[in-house]
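Asks: I'd like to ask you about the structure that follows.
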Amino acid sequence: MQPGAIVVVRLASGPSVRRVIETKGTRVRLALGRNKEARLPTERVLLETGEFAGNEDELSSFSAACESVAAGLDLSEVWDLCADEPSALSLADVADLYWSEPANPVQLAALLLHLGRDDLYFQRDAKGYSPRTREDVSATLSQRRARAEREAAIHELAGRLSSGELPSQPGRYERELLDHLKGFVVHGDNYTRAAPARELAALASPKSRDHRREAFALLVKAGLMSEDEPLEVLAADIPRDFTQGLIRLADSVDVDAALSDGHRADLSGIPTFTIDNADTADRDDAFSVERIDGRYRLGIHIADAASLVAPGGELCAEASRRATSLYLPETVVPMLPPRLSESIGSLEPGSLRPALSVLAEITEDGEIVDWEIVSSVVRSDAALSYDQVDSDAGDDAGEWRKLIAALDRIAAARGRLRARGGAVSFSRPEMELSVDARGEIDVKVVDRASMSRRLVSELMVLCNCLMAKFCAANGIPAAYRTQAAAESPPLVQDWDQEYDPVREFSAARHLSPAKLSSKPDRHGGLAVPEYIQATAPLRRYPDLVMQRQIGRFIRTGTHLYSAEEVLAIATSADAQIRELARIERQRKRYWFLKYLRRNRAGQAGNGGASNVFQAVVLERRERGPSTIELLEYPFRTRIQLTDRDSPGDQVAVRLHDVDLWTRSAHFIREP
C-alpha cells in the first residue's frame with residue numbers, strides 16, 4: 001500500500017476510512033486525523049479502494065461521500081434473494097446484487113461501512129458475509145421497534161416532566177421509567193436501574209449537571225414526590241406501618257395475664273409518676289420515692305414489655321427487624337404496634353401495668369445501702385412533663401413537689417459521686433422540632449441541664465447500672481457497655497456544671513467509643529463499674545431482650561439467651577440503631593434548615609428576625625473552614641474565619657443561603 005492510499009480499516013470503534021502514511025512489512029502506519037497516527041497490522045485493512053488522498057481535506061471529501069452512500073443503503077431485498085441459500089458472499093457479490101452496474105470505490109467502501117455497522121441482514125465470518133435466518137431478522141426487527149418505541153416514550157415523558165406534567169394514561173414503559181426515576185432519587189448510583197433514570201433526567205433538563213437532584217425536582221414538579229419527601233427513610237427501606245396480621249396479634253395480647261403473674265410484687269399503692277415530653281405516647285419509665293428511717297426508698301419502674309411480647313413470635317421478630325423506634329419531626333415510626341407501645345405497655349396514669357422495678361435504699365449522700373430488682377405491678381398516678389417539673393407550675397407538678405425535690409436530691413448526690421469518679425457530663429442544649437399536618441415547623445431549644453432532665457438522666461444511669469450489677473452477680477448473660485476512661489482530667493466536669501461549648505466539643509472528640517462485651521467492665525465515661533441498657537424496652541430491641549433475661553431469672557432462676565446470643569443481638573441491633581440515629585439527625589437537620597430558609601434566610605432585619613446570628617468558635621483551622629456553633633440554636637456548621645478568630649470567641653455570622661438538597665447552610669463571617 002503506497003503512501004496516500006485510501007483504505008477501509010477495522011478500528012476498535014468499527015470500520016473507518018483512513019489514509020496510508022507508509023507500509024513496513026506486516027504493519028501499516030495510518031493517519032487518524034490531523035497530527036494523529038496509528039500503526040496497525042495489515043490484516044486489519046478491509047479494503048484498498050484504489051483511490052489516493054494527498055491531504056486530510058481530500059480524505060474528508062472521499063469519506064463524506066462514503067458516509068452519504070452508506071446512510072442510504074437498504075440491503076433487505078438483497079438479503080431476501082439469498083436468505084434461503086445460506087452460503088457466504090464476498091463484498092463484491094453483495095455489491096453486484098445491490099447495484100446493477102459495477103460498484104465504484106465510494107460504493108464499495110460505503111457498503112463495507114454499512115455491513116460493519118449494521119449486521120441486521122448479514123453477519124461477517126471467516127468465509128465472508130452470510131445472510132441471517134428469517135427468524136433472526138424478524139426477532140432483531142422486533143427488538144429494534146421496541147427500542148425505538150422506548151426511545152420515543154422516554155423523549156415524550158422527558159418533555160412532559162420538564163413541564164410538570166404526566167401522561168394521562170401512562171403505559172407500562174412510562175410507569176417503569178417513573179419507578180426508576182424514584183429509585184434513582186432515593187438510592188443514587190447504587191440503584192440498579194440508575195442509567196435510564198439518569199438519561200430521562202438529562203433529557204428533561206439538559207443544562208443540569210446533577211441528574212439525581214434534577215430527577216427529584218422533576219418528581220416534585222409532577223406531584224409524584226413531596227418537596228419534604230423523607231429520602232433518608234426511603235433509602236433505608238424502613239417500614240412505616242404494621243401489617244394487619246401484626247396489628248391483630250397486638251390486639252390479642254392479654255395484659256391481665258401478665259398482671260396476674262403470682263411472682264409480681266404489688267407496688268400499685270405507692271405514689272408513682274412519669275416525667276416525659278408533653279407529647280410522649282410511649283411512657284416506659286416511672287418513679288417513686290419514700291422516706292424510711294432517714295433514708296430514701298427509691299423506685300425506678302420500667303414497663304415490662306417483655307411480658308407482653310413473646311420470644312420467638314411474630315411481634316418479637318418485627319421488633320428485632322426494626323431494632324428501635326424512629327422519632328422524626330414529622331412522624332414517629334414505633335418499634336412495636338401502638339396498642340403495645342402507647343397503650344397496654346405504656347405506664348399511663350390510672351392503669352395497672354406490669355413492670356420491672358429497681359428498688360434501692362439510698363442515703364442523703366447518694367450511697368446505696370441496699371437494693372433489689374423485682375417483677376411488679378405499678379400504677380402511675382400522674383404523667384408530668386419536663387416543663388411542668390422545671391417550672392413547678394400546674395396543679396400536677398405542684399402536687400408532686402416534695403417527691404420531685406427528693407428525687408432531685410438523690411440524682412444530684414449520685415451525679416456528684418460519679419463526677420468525682422471521673423464521669424464526663426455533657427449538657428449541650430438540644431433542639432426539638434415538630435412539624436404539623438400543614439407543614440408548620442416548631443423549633444424549641446431544650447436545656448439538657450434543667451433539673452427535670454438531669455434527674456431523669458441520672459436515675460436511668462442508676463437503673464442500668466444496678467441491672468448490670470444484678471446480671472454480673474447472678475451470672476446472667478448480658479451485653480455490657482464498656483468505655484475507656486477519659487484521656488485527661490480537663491475532660492472531667494462537675495455534674496451540674498454549666499454548658500461550655502468549646503470544652504464539650506473537645507471532650508466529645510477525645511472520648512473513646514463505647515464497646516459491647518459479654519463480660520462486665522467499667523464504663524469510664526459514666527464512671528460506673530458495669531453498665532447495660534435495659535430502660536427503654538418499648539422502643540429499643542436490645543433493652544427488650546435484656547429485660548426478658550432479667551425477668552426470666554427473677555421468675556425461674558434461669559436465663560433465656562446465652563452470652564453469645566445476647567451479644568450477637570446487641571451488636572446487630574446497635575449497627576441498625578446507629579444508622580437510624582443518623583437518619584433522625586438528617587431529618588432534624590432538614591427541617592431546621594427549612595425553618596431557617598423560611599424565617600431567616602435573606603432577611604435584613606426589617607422588623608422581623610435578622611439573618612445575622614451570634615456564634616461561638618469551637619475550633620480554628622489554619623486552612624479551610626472552621627467549626628462554629630450558633631448561640632441561638634445548638635447548630636454546628638463550618639465557616640471560613642479570619643486570622644484573629646480563636647476557639648471560644650464569639651463572632652457574628654450572616655446566613656447567606658440554605659440548600660435543602662445537600663442539607664447545608666452557607667454562613668458568612670461578618671466583618
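The values are calculated or read from the model by the stated rules, or taken from the named source; none is laboratory data. Computed from a predicted model, the values in this text were never measured in an experiment. For neighbour counting, all protein chains shown are included, and Cβ atoms are generated from backbone atoms with ideal geometry for every residue, glycine included. Quick note on the areas: whole protein, heavy atoms, side chains included, nothing else; ligands and nucleic acids left out. Shrake-Rupley method; radii C 1.70, N 1.55, O 1.52, S 1.80 Å.
Asks: Roughly how many debye, to the nearest 20, is the charge dipole of the stretch 331-392 about its Cα centre, given +1 on each Lys and Arg Cβ, -1 on each Asp and Glu Cβ, and no other charges? Spell out each step's value before the answer.
Replies: Working: 3 positive and 12 negative charges, 142 e Å.
Charge dipole, the stretch 331-392, about its Cα centre: 680 debye, nearest 20.
Asks: May I pose another question? Of the accessible area of the chain, with the probe set at 1.4 angstrom, what percent is carbon plus sulfur? Walk me through the numbers before you get to the answer.
Replies: Values: 14970 of 32550 Å².
Answer for the chain is 46 percent, counting heavy atoms of protein chains only.
Asks: Would you pull out the residues with amide H under 5 Å of L631's amide H, same chain only if 5 or more places away, H placed 1.01 Å from N?
Replies: Those lying under 5 Å, H to H, from L631 are Q614, A615, V616.
Asks: Pulled fully out, how much extra length does the chain show between A148 and Q497, if you take 0.36 nm times their separation in residues and subtract their Cα-Cα distance? It would help to have the intermediate numbers written out before the result.
Replies: On the way: separation 349, 0.36 × 349 = 125.64 nm, distance 7.11 nm.
Taking 0.36 nm per residue and subtracting the Cα distance, the gain is 118.5 nm.
Asks: Taking a probe of 1.4 angstrom, what is the accessible area of K515 in Å², to the nearest 10?
Replies: For K515, the solvent-accessible surface is approximately 130 Å².
Asks: Among 639-652, 352-365, 172-185, what's the highest-first ranking by average C-beta atoms within 10 angstrom per residue?
Replies: Working: 639-652: 13.6, 352-365: 20.9, 172-185: 18.9.
The peptides rank, most packed first, as 352-365, 172-185, 639-652.
Asks: Right, another one. Positive end of the dipole of the stretch 1-76, charges at C-beta (+1 Lys, Arg; -1 Asp, Glu), about the Cα centre: which of L75, T26, S63 has its Cα farthest in that direction?
Replies: Of the listed residues, the answer is T26.
Asks: Roughly how far apart, in whole Å, are the Cα centres of the stretch 522-575 and the stretch 98-132?
Replies: Here the answer is 76 Å between Cα centres.
Asks: Leaving ligands, DNA and RNA out of it, work out the accessible area of E48 with a 1.4 Å probe and give it in Å² to the nearest 10.
Replies: 120
Asks: Sticking with this one: Given a 1.4 Å probe, how much area per residue of the stretch 349-457 is accessible, in Å²? Don't skip to the end; give the middle numbers.
Replies: On the way: 4870 Å² over 109 residues.
Counting only protein heavy atoms, the per-residue value for the stretch 349-457 is 45 Å².
Asks: Within the chain, which whole H helices from DSSP have a Cα span along their axis of at least 27 Å and a mean Kyte-Doolittle hydropathy of -1.0 or more, if any? Before the final figure, lay out each step's value.
Replies: Details: long enough: 134-162 (42 Å, -0.82); 401-420 (28 Å, -0.18); 451-474 (34 Å, 0.83); 563-599 (53 Å, -0.70).
For the chain, where a helix must reach 27 Å along its axis and average at least -1.0, the hits are 134-162, 401-420, 451-474, 563-599.
Asks: Per-residue HN-Hα couplings for the stretch 287-297, Karplus 6.51 cos²θ - 1.76 cosθ + 1.60 at θ = phi - 60°, whole Hz, x for Gly and Pro?
Replies: For the stretch 287-297, the Karplus curve yields 10, 9, 8, 10, 9, 9, 6, x, 10, 9, 9 Hz.
Asks: Further question on the same structure: So who's got an amide H within less than 5 Å of the one on V289, skipping anything under 5 residues away but keeping other chains? H placed 1.01 Å off N, in plane.
Replies: Placed amide hydrogens put G299 under 5 Å from V289.
Asks: Go through 219-225, 536-542, 100-106, 280-286 and give me the packing order, highest mean Cβ count within 10 Å leading. Write down the numbers at each step before the final one.
Replies: Details: 219-225: 16.7, 536-542: 26.0, 100-106: 13.6, 280-286: 21.3.
Going from most to least packed, we get 536-542, 280-286, 219-225, 100-106.
Asks: Residues with beta-carbon under 12 Å from that of F52, excluding F52: net charge, scoring Lys, Arg +1 and Asp, Glu -1? Display every interim value, and only then the final one.
Replies: Values: positive: R19; negative: E48, E51, E58.
Around F52, the surrounding residues sum to -2.
Asks: Within the set of other residues whose C-beta is less than 14 Å from the C-beta of V20, count the net charge using Lys and Arg as +1 and Asp and Glu as -1. Don't skip to the answer; put the middle values down first.
Replies: Details: positive: R18, R19, K24, R27, R29, R39, R44; negative: E22, E37, E48, E51, E56, E58.
Net local charge, V20 excluded: +1.
Asks: Tell me, what is the 1.4 Å probe accessible area of H301, in Å² to the nearest 10?
Replies: 0
Asks: Sticking with this one: Dipole of the chain, Cα-centred, from +1 at each Lys and Arg C-beta and -1 at each Asp and Glu C-beta, to the nearest 20 debye?
Replies: Numbers: 86 positive and 102 negative charges, 323 e Å.
Here the size comes out at about 1560 debye.
Asks: Right, next: Mean separation of Cα pairs under 8 Å and 6+ residues apart, divided by the residue count of the chain: what relative contact order is that in percent?
Replies: So the answer I get is 8 percent.
Asks: Something else about it: How would you rank 260-272, 329-341, highest first, on the average number of other Cβ atoms within 10 Å across their residues?
Replies: Final packing ranking: 329-341, 260-272.
Asks: Here is a follow-up. Charges at C-beta only: +1 for Lys and Arg, -1 for Asp and Glu. How large is the resulting dipole of the stretch 518-565 about its Cα centre, in Debye rounded to 20? Before the final figure, lay out each step's value.
Replies: Working: 7 positive and 5 negative charges, 40 e Å.
Around 200 debye, computed over the stretch 518-565.
Asks: Still on this structure, I have one more. Among the lysines, which fall within straight-line cross-link reach of K221, defined as a Cα-Cα distance under 20 Å, with same-chain neighbours fewer than 8 residues apart omitted?
Replies: K182, K207, K594
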